[in-house]
Amino acid sequence: MAKVELRNVYKSYGTTEIIHGVSMDIADGEFVVMVGPSGCGKSTLLRMIAGLEEISGGDIAIDGRVVNNLEPKDRDIAMVFQQYALYPHMSVHDNMAYGLKIRGLPKAEIETRVQRAAEILELSKLLGRRPRELSGGQRQRVAMGRAIVREPKVFLFDEPLSNLDAKLRVQMRAELQALHKRLGTTTVFVTHDQVEAMTLAQRMMVMNAGHAEQIGAPLEVYGRPASTFVAGFIGSPPMNLIPGTLAEGGAVLLADAGARVGLPAALPKFDGRKLLLGVRPEHLEPCDEAAALLVPDVDFIELLGSDVLVYGHLGADRKGARVAARLHGSMAASDGHLALRFTPKHMHLFDAETGKRIEIE
Amino acid sequence: MVEHRPLLKFVSHAVLILGAIIVAFPLYVTFVASTLSLEEILTVPMPLLPGNRFFENYAQVLTAGTTTGSHAAVGSMLFNSMVMALVVPLGKISISIISAFAIVYFRFPMRNFFFWMIFVTLMLPVEVRIIPTFKVIADLGLLNTYAGLTLPLIASATATFLFRQFFMTIPDELAEAARMDGAGPMRFFFDVVLPLSKTTMAALFVIQFIYGWNQYLWPLLVTSEESMYTTVIGIKRMIVGSDAANEWNLVMATAVLAMLPPALVVVLMQRWFVKGLVDTEK
Ligand SMILES: Nc1ncnc2c1ncn2[C@@H]1O[C@H](COP(=O)(O)OP(=O)(O)O)[C@@H](O)[C@H]1O
Ligand SMILES: [Mg+2]
């Protein structure tokens, strides 16, 4: 077990910079998720921690020691790959034992560790099988077993669940959490799936195009997104972002589509500025037209059973911002309009130009 | 295509049977001729049922060769052919698998240049470079030696290319997993790459065994002593002058012997061979 420190880490391929200075301190025993859309550099960052990619700038330290120039095998880490990367010609047992054999551990010790890992992962009956004779979920567990037996300081996971079907994914998520609780090993987990990130992470890093947009606990990131990117990426459907202008000494936001929303506290500094008003779909509730803050034209409705998702547009000619609302129970909103309101404490403000969050005190 | 039309079935079977007969008939005649006496062969028409000289003919060629043509015993020729047919494929496989490994898994200066150098030699089969190769072998004093017989045939662009293509289908993640497990390059080669290449190696072995066994032009040039003849050359040297002067029964017996080992290798390794060409066990 160990802490992992990223200090202003850069990565370039040739002249193209892919990672633009990322810093994060990962505490001993912490479960950290790096989440972001495909191509934002999550894998690259993880592979730099693993030692599979060179570090172009900055430092990575594991357990206080800078590992920039250490081979992967000398970093005392274990990695689980997206495609599992099991040795096809070796049995499950040998797949798990291989790394230990190379390290020259005594046979008896290897056996104990493999048996114990197999027990934890319920692989004991499958030890003699080849990877090709296993299901996707079982292969995934073998890949995890291979990491566990090494008893490394840090586990690295690169989208390990993305090849599993939805049900198995939920199950493996639970198993991963149980495993982390049991072993307490520092873990860095990469995914593009925000649900995975929200459910697994003790802390998460939301990445966008090689930048760390926000680092924080899942509920913190969900509750106070640092930018419109994070607001749009975390949460499903994403947060509604409604363009408008601050007026009346910074006390009122006039949405371009006509709505008028009072701020819980005036922001005189920003009077006259173009802003984006953010409200999560689940914080919108139906109300009388008179009390409504937003009145979108309804485009379509999705019935989820427990909830209803209503999608619409603001503005008379549907040119305004899109609005999505998650409403409870069954909703009769087929007349084309839907009057919605939200409580002021649920509103977020972002700078229209930079996309950065503006705090309302 | 699964169709059940009786006429179609009949026609396709007829075509297949006819094809088999056309291919098999000369082989059958060869075998029959190898069991006859010389007089029986020269009668017109030649009998189409096996004669009673099977053991005599085969014993003679194996130990003493022909009386009118070459006197080299076919037994030693079979041995020479076997050396050639084993050393060439084994040499080829060992050299090309490590070249391919270097080209695929190591980044070294001029890597692509070397690959293309190897690749370009694909266009230069033995026959094209035979004169300079002969000169080199002669200058090295390797005429009439096993080294001279096999060495020039061992370098192989085809095999290197085949292994390269196969290695490129092995996922990068596997190499990375091995690296994380602490395996160095050679360890990765022996523990992962080599076992995964088994079927490819088997397929190559079969093809190259036959290639080595059937070599004609090169052994013809580098062997002048009877003791170094390969079987294929032996057959050529048994045939001298006019039709009637040849002991055709003995020539045919030698031909049958020459056909057996490649056939045996194909039959015994068929399962591996097909697997190596068809599936990739990744
Ligand atoms: N070997 C490479 N050479 C050049 N660019 C690369 C290389 N590997 C990855 N990239 C680029 O780096 C970016 C980040 O890739 P990656 O870390 O795999 O993204 P993610 O895992 O977040 O989907 C991508 O735009 C990709 O095109
Ligand atoms: Mg990735």
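FYI, it's all coordinate maths here, none of it is from the lab. Everything numeric in this text was worked out from a predicted model, so none of it was measured. Note that each Cβ is placed from the backbone with ideal geometry, even for glycine, and that neighbours are counted across all protein chains shown.
For this structure, a couple of remarks:
- The charge dipole of chain B, taken about its Cα centre with unit charges on the Cβ atoms of Lys, Arg (+1), Asp and Glu (-1) only, comes to about 660 debye.
- Selection among B:L140, B:L250, B:F106 by position relative to the dipole of chain B gives B:F106 as farthest towards the positive end (Cβ unit charges, Cα centre).
- Ordering A:A217, B:H71, B:A157 by the projection of their Cα atoms onto the charge dipole of the protein assembly as shown, which places +1 on the Cβ of Lys and Arg and -1 on the Cβ of Asp and Glu, puts B:H71 at the extreme positive end.
- Among the GluC sites (Glu not before Pro) found in segment B:179-251, those both in a DSSP coil and sparsely packed, with 11 or fewer other Cβ atoms within 10 Å of their Cβ, are B:E225.
- Cα point-scatterer Debye curve for chain A, base-10 log of I(q)/I(0) at q = 0.13, 0.14 Å⁻¹: -1.02, -1.11
- Positive contributions from Lys and Arg (+1) and negative ones from Asp and Glu (-1), summed over other residues with Cβ under 11 Å from the Cβ of A:L241, come out at +2.
- Calculated FRET efficiency for the pair B:V120/A:E220, C-beta based, R₀ 51 Å, to 0.05: 0.25
- Across chain B, the longest run free of exposed loop sites, meaning chymotrypsin sites (Phe, Trp or Tyr not before Pro) lying outside DSSP classes H, G, I, E and B with no more than 14 other Cβ atoms within 10 Å, spans B:107-215.
- Within chain A: Cβ-based charge dipole about Cα centre, in debye rounded to nearest 20 (Lys, Arg +1; Asp, Glu -1): 1240 debye
- Net charge of the neighbourhood of B:A157, taken over other residues with C-beta under 13 Å away and scored Lys/Arg +1, Asp/Glu -1, is +3.
- Computed across segment B:34-274, the Kirkwood hydrodynamic radius from all distinct Cα-Cα pairs reaches 20.5 Å.
- Positive-end residue, the protein assembly as shown charge dipole about Cα centroid, Cβ charges, pick of A:V80, B:T35, B:L49: B:T35
- Average partner coverage of A:184-197, which counts Cβ from other chains inside 10 Å: 0
- Label separation (B:D139 vs A:S38): 5.8 nm, computed from points 7 Å beyond Cα along the C-beta direction.
- Compactness check for the protein assembly as shown: Cα Rg over 2.2 N^0.38 Å is 1.47.
- Sorting B:I235, B:I98, A:I120 from the fewest to the most surrounding beta carbons within 10 angstrom yields B:I98, A:I120, B:I235.
- Between segment A:47-126 and segment B:1-53, the Cα center-to-center distance that results, in Å: 62 Å
- For segment A:121-261, the fraction of alpha-carbon pairs in successive 5 Å shells from zero, as %: 2, 8, 15, 16, 15, 12, 9, 6, 5, 4, 3, 2, 1, 1, 0
- Coupling constants for segment A:104-109 follow from the phi torsions by the Karplus curve (6.51 cos²θ - 1.76 cosθ + 1.60, θ = phi - 60°), and in residue order they are x, 5, x, 3, 4, 4 Hz; glycine and proline get x.
- In segment A:238-333, chymotrypsin sites (Phe, Trp or Tyr not before Pro) in a DSSP loop with at most 13 other beta-carbon atoms within 10 Å: none
- Computed from Cα positions, the angle between helix A:92-102 and the longest principal axis of chain A comes to roughly 70 degrees.
- A:E289-A:D94 FRET efficiency (beta carbon distance; Förster radius 60 Å; 0.05 resolution): 0.30
- Cut-off under 5 Å, modelled amide H: who pairs with A:N208 long-range: A:E213
- Among the listed pairs A:K3/A:K73; A:K42/A:K167; A:K11/A:K73; A:K101/B:K92; A:K11/A:K167, a Cα-Cα separation exceeding 29 Å is found for A:K101/B:K92; A:K11/A:K167.
- Cut-off under 5 Å, modelled amide H: who pairs with A:I18 long-range: A:K11, A:S12, A:Y13
- Shielding of B:168-177 by partner chains, average beta-carbon count, 10 Å: 5
- Between helix A:166-183 and chain A: long-axis angle, C-alpha atoms, 0 to 90°, nearest 10: 60 degrees
- Cβ crowding within 10 Å averaged over residues, with A:146-154, A:95-103 ranked highest first: A:146-154, A:95-103
- Ranked by how many other Cβ atoms sit within 10 Å of their own Cβ, fewest first, the residues A:M90, A:M205 fall in the order A:M90, A:M205.
- Other residues lying with their Cβ under 15 Å from the Cβ of B:Y216 contribute a combined charge of +1, Lys and Arg counting +1, Asp and Glu -1.
- For segment B:142-229, the ratio of Cα radius of gyration to the globular rule of thumb 2.2 N^0.38 Å stands at 1.52.
- Phi to ³J(HN,Hα) by Karplus 6.51 cos²θ - 1.76 cosθ + 1.60 over segment B:94-106, Hz, x for Gly, Pro: 5, 6, 6, 5, 6, 5, 4, 4, 4, 5, 7, 9, 10
- Once both labels are positioned 7 Å from their Cα atoms along Cα-to-Cβ, the gap between B:Y146 and B:V266 label points is 2.7 nm.
- Phi angles across segment A:252-260 convert, under the Karplus curve 6.51 cos²θ - 1.76 cosθ + 1.60 with θ = phi - 60°, into 3J(HN,Hα) values of 9, 9, 9, 5, 4, 7, x, 6, 10 Hz, Gly and Pro given as x.
- Applying 1/(1 + (r/R0)^6) with R0 = 60 Å to the Cβ-Cβ distance of B:S37 and B:M110 gives a FRET efficiency near 0.40.
- Cα centroid separation, segment B:149-180 to segment A:258-311 (Å): 61 Å
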